[in-house]
């Protein structure tokens, strides 16, 4: 509770105590990015350090419970001994009760429902961009013996250097960029598309002729989102930059076409490979 006047708060951890079995464990956030979205001026590192100390003290208490060296009537008694009620920002909620056969499962479930569910960091790619290459496309590029023929290429723009680690040249540079749209929320997909739209604009003003292929893992079957991706990335008005989107069900056929193009160009001008 960063400000006592407003009483606004954000959940940062869960503590579960089962007296019958002396089970006492906790889980806390290990990043403060979500918290800083609520409270801009928060000292995130200090908060994480304090939570770690709280966790260590709980672990010591849990060992004492296991060894029957101490006993407590309630979880509130335990937490107040470690974190007394004062004017600090870190506070414990009122005691809540529940019935669960497995306290560890209860801890995991509560943490996911009350904290991770609202944590923006959790909405990462279900299959990230590296996964797209290693587990989807690489097998087909290896199958047609073209992986080793690709090399990195850096595009110098007015404001930056943009590097592609898989490329080859046949008059223009053919660059392959793996891209996962396998995200949980549509707004996260849109943010990723907007990011790459900006990169494409930067590539366009470089003046270098490029054909950029997005090797993608398909998003959900949400047609408006799929149309948004295509309309935003496949801008027809670009002069020196051509963009294509390859889906995973096209991977084998696409790799075979790349092999054919490389072989044809190699026969004409092998020095450009």
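Secondary-structure-derived ellipticity at 222 nm for the chain, considering helices only, amounts to -12000 deg cm²/dmol, per-run term -39500 (n - 2.57) for DSSP H runs with n ≥ 4. For residue 264 and residue 112, a Förster radius of 51 Å and the Cβ-Cβ distance give a FRET efficiency of 0.45, rounded to the nearest 0.05. Sorting 46, 137, 131 from the fewest to the most surrounding beta carbons within 10 angstrom yields 46, 131, 137. Note on the chain: semi-axes of the ellipsoid equivalent to its C-alpha gyration tensor, largest first and rounded to whole Å, are 53, 21, 17.
Remark on segment 129-272: ratio of C-alpha radius of gyration to 2.2 N^0.38 Å is 1.05. Principal-axis analysis of the Cα atoms of the chain puts helix 223-233 at an angle of about 60° to the longest axis.
When both segment 1-15 and segment 149-189 are represented by their alpha-carbon centers, they are found 42 Å apart.
Using only alpha-carbon positions in segment 13-121, the gyration tensor eigenvalues give semi-axes of 25, 17, 12 Å once each is multiplied by 5 and square-rooted (largest first).
Read-outs throughout are calculated quantities, based only on the coordinates presented, and are distinct from any laboratory measurement. It should be emphasised that the depicted structure is a prediction, and the values quoted were computed from it without experimental measurement. Every residue, glycine as well, gets a Cβ built from its backbone with ideal geometry; the counts of neighbours run over all protein chains shown.
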